[in-house]
Amino acid sequence: MSIACTKVKMSDKNGDLNFLGKEITQWRDIPKKKIQYAPKSETIMVSGGLTILQDQLLQAALQSLGENYISLPNPNFESFQTGKAYGNRGQCNPTYFTVGNLVKYLKNLRDEKWLSSEEIVSKYVYITAGGCGPCRFGMYITEYKKALRDAGFDGFRITSFEHDKGIFQGDEIEDDILNFSPKFFVVLVKSIIIGDIINLLGYKMRPYELEVGAVDKAIEACKDTVSTAFLEKKNLTKAMWDCRSILEKVALNRLQPKAKVLVMGEFWAAMTEGDGNYNLHRFLESQGAECIPQPIMNRLMLSLWEAERAVLKRESLSVEGASAIDFSSMKTKMMIKLGKTTVKTYFTLYAKAIGLHDYEIPDMDKLAQLSQEFYTLDCEGGEGHLEVAHLIESVKDNLSHLVISVKPFGCMPSSAVSDGVQSLVTNRFPESNFLSIETSGEGAANFYSRVQMALFKAKQLAKEEFEALETPLHIPQKVQNYLYQPHTHQAGTAAGLIASLSL
């Protein structure tokens, strides 16, 4: 045993039996003293946790509705350390990052902006997603309140919406701080869809840019254009068309054979762009890969699919004395259909305007059919059956050279799928190249090493796919334009472009 280990001593409180004989009390996450909160007109709402671009677009979108809303900065390792310092032990990576990010922001207001703790508690409110689940997700709000109390912000308000109800929040939300109206959710969905579209194009273009940083500059210009359109209530389709001219100016060399990597897994770990997943997307690009990210829109479409499936399951139950026609189910189905139509309409409109032609909204029925042999569709924890479905679809339709499932260390829903069910899938599809990897449980060096090993095989596959094709002597200029997006059977971008010239 090392000297350091022999110096470890138990806490003085360990073994303390003073609680014996005392009255049992229930812990409650309410402030100890009554707080006079600021009126709604003076209340400042904060939130965050989406991609960097979408957080900024969401801020502009909500401010266009007259809401006093601020998006938090992207969480970093300092946020993680702050969350660990004020949170309970054994929480998962996203909890520490998001909780710590809020506490860090409020401490900055107090210590750098010289706002008192009382003023911060009175005027600020945090918006987050709530709900149940088979993991720690159902504990998030309590974790926020515990950390805020210990950091000196006892009574800080947290308002939440159900993560799996999308635009159909109903009347369960009692807090009137934020107006969860249909208009609010339509604007929110628009900002998320536009963010998804611009992010998708960014990941398609960035690996092939001739000038390093050119795509990021163009994306920033697009963000400003769309944000201005939101704030000034201008036509968003016109704004997306203006973004097309911005992106067309970026010089590309798309005939470089690069491994295409589908990144999926636990929602937050697969989506975040920062220290929360060791900057996985940027690391892959630095290693010569092209990423296929998971749009946030996919989670919304899954929620609508699950809601529709729940209605159909209820209708299949025979209930004595029930009416022949359940009008409540009819209304729910109509609302779900309207929601799906709205999402698809806005996506198609904005995607065509900016020039994203080769991306299709996932067919949830198809994905369910692909995965149901391996994973029950009734298990709705985490991303449900989508991880299994995406891997199978990637292999069958030759969509990528590598599939990475990333999740926080100890993530119960995703680990059960990635480390359990996917072993059967990869056995059934031996040609698949799949990597399951965790964050926080292992250091960045080990994380990157494992990704590089899987990426080596993916690069070889991309190179072989490209070299198997005969490159024509004359390459038309249109190939280097991001607007040229032909449909082919090749996984790699370069191979697909070469193949399209012989069609």
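Restricting attention to the stretch 263-288, which residues are without any contact (Cβ under 8 Å) to a residue 24 or more places away in the chain and either outside any helix (DSSP H, G or I) or of a type outside the set (K, R) (or both)? Those that are without any contact (Cβ under 8 Å) to a residue 24 or more places away in the chain and either outside any helix (DSSP H, G or I) or of a type outside the set (K, R) (or both): N279, S286. With respect to the stated conditions, E393 is of a type in the set (D, E), surrounded by 15 or more Cβ atoms within 10 Å (Cβ to Cβ) and free of Cβ contacts under 8 Å to residues at least 40 places away in the same chain.
If you scan the stretch 405-433, which residues turn out to be within 24 Å of the chain's Cα centre (by Cα) and over 22 Å from L377 (Cα atoms)?
If the condition is that a residue be within 24 Å of the chain's Cα centre (by Cα) and over 22 Å from L377 (Cα atoms), then P408, F409, G410, N433 are the ones that fit.
Please determine whether any residue of the stretch 470-480 is touching a Lys or Arg at 6+ places or on another chain (Cβ under 9 Å), crowded, with 16+ Cβ neighbours inside 10 Å and assigned to a helix (DSSP H, G or I). Scanning the stretch 470-480, I find at least one residue that is touching a Lys or Arg at 6+ places or on another chain (Cβ under 9 Å), crowded, with 16+ Cβ neighbours inside 10 Å and assigned to a helix (DSSP H, G or I), so the answer is yes. Would you be able to tell me the number of residues in the stretch 375-404 that are within 18 Å of the chain's Cα centre (by Cα) and at positive phi? Within the stretch 375-404, residues that are within 18 Å of the chain's Cα centre (by Cα) and at positive phi number 2. For the stretch 204-222, does any single residue satisfy the condition of being among the acidic types (D, E), free of Cβ contacts under 8 Å to residues at least 60 places away in the same chain and assigned to a helix (DSSP H, G or I)? Checked the stretch 204-222: at least one residue is among the acidic types (D, E), free of Cβ contacts under 8 Å to residues at least 60 places away in the same chain and assigned to a helix (DSSP H, G or I). In the set E306, E360, E290, only one residue is within 21 Å of the chain's Cα centre (by Cα) and exposed (fewer than 14 other Cβ atoms within 10 Å of the Cβ); that residue is E360. In this entry, T348 is excluded by the filter for residues that are modelled with pLDDT under 90, assigned to a helix (DSSP H, G or I) and surrounded by 12 or more Cβ atoms within 10 Å (Cβ to Cβ). Just so you know, in the stretch 262-316 the residues that are among the hydroxyl-bearing types (S, T, Y) and at pLDDT 90 or above include one that is farthest from I192 (Cα to Cα), and it is S286. Considering S414, S405, S371, which residue is touching a strand residue (DSSP E or B) at 6+ places or on another chain (Cβ under 6 Å), at pLDDT 90 or above, closer than 21 Å to Q294 by Cα and of a type in the set (S, T, Y)? Answer to the selection: S405.
Among the numbered conditions (1) assigned to a helix (DSSP H, G or I); (2) more than 30 Å from the chain's Cα centre (by Cα), the only one that Q460 does not meet is (2).
The values are calculated or read from the model by the stated rules, or taken from the named source; none is laboratory data. This is a predicted model, so every value here is computed, not measured. With ideal geometry, Cβ positions are generated from the backbone for all residues, glycine too; neighbour counts draw on all protein chains shown.
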